[in-house]
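Participant: Take this structure, written in structure tokens, and hold onto it; I'll ask about it next.
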Amino acid sequence: MARVHYREIEGDSRGFYALLGALGALILAGLGASWYMEHNGHYVTGMSNRIVWGMPHVFAIFLIVAASGVLNVASIASVFGRELYKPLARLSGLLALTLLAGGLAVLVLDLGRPERLIVAMTHYNVKSIFAWNIFLYTGFYAIVAVYLWTMFERRMNDYNKPAGLFAFVWRLILTTGTGSIFGFLVAREPYSSALLAPMFIIMSFSFGLAIFVLVLMAACNWTGRALGDVVLNRLRNLLGVFVATVLYFVAIHHLTNLYVARQHDVERFFLWEGGIYTALFWFVQVLTGGVLPLALLFGTTSRRALAAAAVCVILGGLAQLYVLVIGGQAYPQLMFPEKEVSSSFFDGVVAGYAPSLPELALGVGGVALALALTAVALKVLPFLPRSLADGDVDSAAA
Amino acid sequence: MTRIAAGIFAALLAVAGSADTSPRQAQRVPLPVIRIEQGEACVAPVEEMRRNHMAMLLDQRDRTVREGIRTTRFSLKNCVECHASRKTGSVLGKDGFCSSCHTYAAVSMDCFECHTPLRQSRTASAPR
Amino acid sequence: MSPDRRQFLGWGAAAAVTAAGAALAPGLRLIELAQARSPEEAASALQRWGLLIDITKCTDCDVCVTACSKENGWTGHGRPETDPQWIRKVSLRDKRTGYAQTLPLMCQHCEHPPCVDVCPTGASFRRDDGIVLVDKHTCIGCRYCVMACPYGARSFVHETVSGQKSDVPRGKGTVESCTLCVHRVDRGETPACVEACNRDGGKAMVFGDLNDPSAEIHRRLRAEPSTQVRADLALNTGVRYRGL
């Protein structure tokens, strides 16, 4: 078996510094937005007492879900023994760490009292899924770091498989935890389903792989590394399967609800009368994020189509989380069945929400942080193979 | 490790202390204003209060919030009642009892983000 | 003293008190259980504070809301989406018949509060006597409890607060809700909303110890039909409604 040769990216071109500069500006904008929100209080955002989780949470959850999913590429290599994916494993592990860092940064900077984050470490409610997640996220860092070590250090290579298996199991539990944040909310009809945990797992596969494909293509393109069709076509098919599975889970989720009389109003809201949420569901989540990528992935073999499909999956994923997180809160809680409800606290009506600029800046800042960390790490350590040309990976895979 | 740190800290204090002995030097250092306006004595000896008031408050805080124990001796409300300035009625402000020392020691204090720094009663009673 | 031991001793004391009460006459006790605790005494699980709201007597007024706002110092900034509301009047209209009702809605002080389950730091907690509170010292402002509450009872403090009441600390970036006027209850008084309702309103609210057979609330709940909002969730709320 031919050894894969890894090499740091040069990282001294004008383009590299321009990229870092642009990402840095976005990170600064995100920090500024956070300071503005914390200084004035959250009333300056679009969030309210009815929509307590807004745009920052959409981005944060997207990044966290994608972070666990992007590790899949490495898992396929070490857990399922597919040699073709081996050269991609290091980048996969790196992105898992950086995307999680970006997502957590957004989540933390949106807290009402972010300076009290330490309290979340010292006071621990074992029944809280959030508290489990604090443990799962920090554990994920440690495990993926060790996993990467088993890839980088030749003497540790023997431990790559057990480390990979452990990381794979851990990330499944982690995404289960993320999905359960919503799935266990019994009092809100749009959530409250055990289906959300597995759905989040398959969403993570899809979103994570879409980001991976784009980062891989960009990195190879900008550093002049060969990227053969063998690798790309494998990723293309895999992404197609994931996108289809996400659609399947979405369909099952809604079909279950459609069957239950109690949930009819919820479904009418999301699928038919929900205004922006209905539009986002059908046009962005399902069409742009599901149907269109499937057509692009299975209908053509062009690289542009693959990249476009990945972009569509990301847009669709953001829309899916927007509909779930914000639409799920906007939909009024059912307290008095068969009654029309009204109050000064917006009971019984669909809560209004318009994302504000600071929220958006904070969310985008998190994405920029993840990408900037990735770019710097690629320069510092040899994460990327020197070549992913067909001949090179074929021999590695043989 | 902590012992070494404590040693260094003690040495620093000694240096700072000897520097302070010159009267001119001392005048230039902005000292905190500690104005005790009422009451004979605090709920504990002054030395103990200076060192441990935060621990007392923390302890009382958890007992009051979590268990509903509302003894007044170590309650923040009781501190404010006695120590709020006659003029401003507050423990904060430039020469406020809490803020002047905390500014001097550069220790930020989170209490009055939520708790009122103002005395409630017109005439404060002696500490209990 | 460990909580278990304290609780055990508490039970022992209660048994003694009840025994003494039984020895004298039914309903007559040497020590009144609902009496205010002394300040050094911790809230105990012997009591379960609750409210009975008779919405057949609840009129269109909102004295309970104004009294709560005044007592606890929560006031708006003219921004209804982000202003806090610890208690609100909810209007109901039957979809079929148009039958209209109105009721005050606030934290229901559940026995199994979802807000307490989800809180990562344990800031959201249930006191031994059943009052559900937020320990604002450990609240990090994540708002997960707002997501979990079935009653929309919680508010997030969206802006800087000043002029707080000394008994009711409140601050930006934390979550708050009805405390059942815990500071008044600890003094042996009734919550401000109940006092106002019985003084200026429809006399629709009763406050008391759900565990105390001699308390009016216990007597009424024993004799009259009552419901819990979202009883399907089996949270065993401390706030009960009559006529819903």
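Bear in mind that the values in this text are calculations on the coordinates, not laboratory data. Please read these numbers as outputs of a predicted model, since none were measured by experiment. Heads up, the Cβs are rebuilt from the backbone with ideal geometry, glycines too, and the neighbour counts pull from every protein chain shown.
Participant: Within 10 Å of each residue's Cβ, count the other Cβ atoms and sort A:Val250, B:Val46 from fewest upward. Please list the in-between numbers first.
Facilitator: Values: A:Val250 22, B:Val46 11.
Arranged by neighbour count, lowest to highest, A:Val250, B:Val46 become B:Val46, A:Val250.
Participant: A follow-up question, please. With a ≥ b ≥ c taken as the square roots of the eigenvalues of the C-alpha gyration tensor of the range B:31-128, please select rounded if a/c is under 1.5 and otherwise prolate if a/b is larger than b/c or oblate if it is not?
Facilitator: Working: a/c = 1.39, a/b = 1.22, b/c = 1.14.
Rounded.
Participant: In which sequence would A:Lys161, A:Lys339 go, from the one with the fewest C-beta neighbours within 10 Å to the one with the most?
Facilitator: Values: A:Lys161 14, A:Lys339 20.
With the fewest neighbours first, A:Lys161, A:Lys339 line up as A:Lys161, A:Lys339.
Participant: Quick one: if the Förster radius is 56 Å, what FRET efficiency do C:Arg96 and A:Tyr124 give, using the C-beta to C-beta distance and rounding to 0.05?
Facilitator: Working: r = 49 Å, r/R0 = 0.87.
For C:Arg96 and A:Tyr124, the calculated efficiency is 0.70.
Participant: Which of rounded, prolate or oblate describes the protein assembly as shown when judged by the alpha-carbon gyration tensor and an a/c cut-off of 1.5? Show your work: numbers first, answer last.
Facilitator: Values: a/c = 2.24, a/b = 1.40, b/c = 1.59.
It comes out oblate by the Cα gyration axes.
Participant: Sticking with this structure for a sec: Work out the FRET efficiency for A:Trp222 and A:Leu255 from their Cβ-Cβ distance, taking R0 = 51 Å, and round it to the nearest 0.05. Mind showing how you got there, number by number?
Facilitator: On the way: r = 44 Å, r/R0 = 0.86.
After rounding to 0.05, the efficiency reads 0.70.
Participant: With both partners inside the range C:42-242, how many of the DSSP beta bridges are antiparallel, as a percent to the nearest 5?
Facilitator: 85 percent
Participant: Please compute the contact order of chain C in relative form: average sequence separation of alpha-carbon pairs under 8 Å and at least six residues apart, divided by the residue count, as a percent. Present the calculation step by step, with values, prior to reporting the outcome.
Facilitator: Values: 434 pairs, mean separation 65.2, N = 244.
Computed over chain C, the figure is 27 percent.
Participant: Amide H of A:Leu334 versus every other amide H placed in the peptide plane: which residues, excluding those fewer than 5 positions away on the same chain, fall under 5 Å?
Facilitator: A:Glu189
Participant: Going by how many other beta carbons lie within 10 Å of each one, how would you line up A:Phe205, B:Phe74, fewest first? Please report the intermediate quantities before stating the final value.
Facilitator: Details: A:Phe205 23, B:Phe74 19.
Least to most surrounded, the residues fall as B:Phe74, A:Phe205.
Participant: Further question on the same structure: Quick one: Karplus J couplings for the range B:87-104, per residue in order, coefficients 6.51, -1.76, 1.60, θ = phi - 60°, nearest Hz, x for Gly and Pro?
Facilitator: Along the range B:87-104, the couplings run 6, 9, x, 10, 8, 9, x, 4, 9, x, 4, 6, 5, 5, 5, 5, 5, 4 Hz.
Participant: Determine the distance separating the Cα centre of the range A:216-283 from the Cα centre of the range B:71-125; give it in Å without decimals.
Facilitator: 56 Å
Participant: Run through the range A:25-133 and list the chymotrypsin sites (Phe, Trp or Tyr not before Pro) located in a DSSP loop whose Cβ has at most 13 other Cβ atoms within 10 Å. Don't jump to the answer; show the numbers that get you there.
Facilitator: Details: sites: A:Trp35, A:Tyr36, A:Tyr43, A:Trp53, A:Phe59, A:Phe62, A:Phe80, A:Tyr85, A:Tyr124, A:Phe130, A:Trp132; in loops: A:Trp53, A:Phe80, A:Tyr124.
Qualifying residues, ordered by number: A:Phe80.
Participant: For the range C:124-223, run through the chymotrypsin sites (Phe, Trp or Tyr not before Pro) and keep only the ones in DSSP coil with at most 15 other Cβ atoms within 10 Å of their Cβ. The partial results should precede the final answer.
Facilitator: Working: sites: C:Phe125, C:Tyr144, C:Tyr151, C:Phe156, C:Phe207; in loops: C:Tyr151.
When the chymotrypsin sites (Phe, Trp or Tyr not before Pro) of the range C:124-223 are filtered for loop state and at most 15 Cβ neighbours within 10 Å, nothing remains.
Participant: Between B:Thr103 and A:Ile173, what is the FRET efficiency for a Förster distance of 51 Å, r being their Cβ-Cβ separation, to the nearest 0.05?
Facilitator: About 0.60, to the nearest 0.05.
Participant: Over the range A:6-397, calculate the relative contact order: mean separation of alpha carbon pairs under 8 Å at least 6 apart, over the residue count, as a percent.
Facilitator: Numbers: 591 pairs, mean separation 130.6, N = 392.
Computed value for the range A:6-397: 33 percent relative contact order.
Participant: What number does chain A give for Rg over Rh if you use C-alpha atoms and the Kirkwood radius?
Facilitator: On the way: Rg = 21.4 Å, Rh = 21.9 Å.
My calculation puts Rg/Rh at 0.98.
Participant: Which value at 222 nm does the protein assembly as shown reach when only helices count, each DSSP H run of 4 or more adding -39,500 (n - 2.57), with the total divided by all residues and rounded to the nearest 500 deg cm²/dmol? Write out the running numbers ahead of the final one.
Facilitator: On the way: 27 runs with 373 residues, N = 770.
That comes out to -15500 deg cm²/dmol.
Participant: Based on the alpha-carbon gyration tensor of chain C and its eigenvalue square roots a ≥ b ≥ c, which shape applies: rounded if a/c is under 1.5, prolate if not and a/b is larger than b/c, or oblate? Before the final figure, lay out each step's value.
Facilitator: Details: a/c = 1.73, a/b = 1.23, b/c = 1.40.
Verdict is oblate for chain C.
Participant: I'd like the distance separating the alpha-carbon centroids of the range A:106-143 and the range A:6-66, in whole Å.
Facilitator: Answer, in whole Å: 19.
Participant: Something else about it: Just need the Rg to Rh number for the range C:76-121, please, alpha carbons only, Kirkwood Rh.
Facilitator: Rounded to two decimals, Rg/Rh equals 1.12.
Participant: While we're on this one: Counting Lys and Arg as +1 and Asp and Glu as -1, what is the net charge of the other residues whose Cβ lies under 11 Å from the Cβ of A:Gln329?
Facilitator: Values: positive: A:Arg50, A:Arg188, C:Arg143; negative: none.
Cβ neighbours under 11 Å give a net charge of +3.
Participant: While we're here: With θ set to phi - 60°, apply the Karplus curve 6.51 cos²θ - 1.76 cosθ + 1.60 along the range A:336-350 and write out the HN-Hα couplings as whole Hz, x wherever there is a Gly or Pro.
Facilitator: 10, x, 6, 10, 7, 10, 8, 6, 6, 9, 6, 6, x, 10, 6
Participant: Cα-Cα pairs above 28 Å in the range A:1-147: how many percent?
Facilitator: Details: 3759 of 10731 pairs.
Result for the distance tail: 35 percent.
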